[in-house]
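A short reminder: the numbers here are calculations on the coordinates, not readings from a lab. Since we're looking at a predicted model, the values are computed, not measured. When we count neighbours, we look across all protein chains shown, and the Cβ atoms used for this are built from the backbone with ideal geometry, even at glycine.
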Amino acid sequence: MAEKEAVKKANERTKVGVVVSNKMQKTVVVAVESLVQHGMYQKFIKRTSKFLAHANDQLNVGDRVVIEETRPLSKRKRWNVKEVLERAS
């Protein structure tokens with residue numbers, strides 16, 4: 001039984017990002033930065049991806065949040081806000 005729970009936790013996908021928009025009802029846009037190595041020059045480049053996430057509580061622009069993958073909630077919304085790491089000042 002414990003092995004199944006460990007596998008479930010390993011498969012669970014989470015990302016850390018910053019809220020960039022909260023203009024929708026119960027939905028926020030979260031920007032997640034990642035470092036990607038350039039193919040030819042081997043230099044690391046910052047890439048930003050935006051994800052629509054379902055938020056139950058009120059979040060403001062600039063809040064750092066953890067989002068987790070979930071079932072499709074709408075056409076573009078496949079993430080859920082798991083926790084707030086840091087509130088914007």
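Lysine pair count for the chain (Cα-Cα distance under 24 Å; residues 8 or more apart in sequence or on different chains): 27. The spread of Cα positions in the chain, taken along each principal axis and listed from longest to shortest, comes to 43, 42, 29 Å.
Grab the beta carbon distance between K23 and I45, set R0 = 35 Å, and tell me the FRET efficiency rounded to 0.05.
Rounded to the nearest 0.05, the efficiency is 0.75.
Its DSSP H runs of at least 4 residues, each contributing -39,500 (n - 2.57), put the calculated 222 nm mean residue ellipticity of the chain at -3500 deg cm²/dmol, to the nearest 500.
Across the stretch 22-62, the residues whose backbone nitrogen lies under 18 Å from the label position 7 Å along the beta-carbon direction of V16 are 30-36, 46-51, 62.
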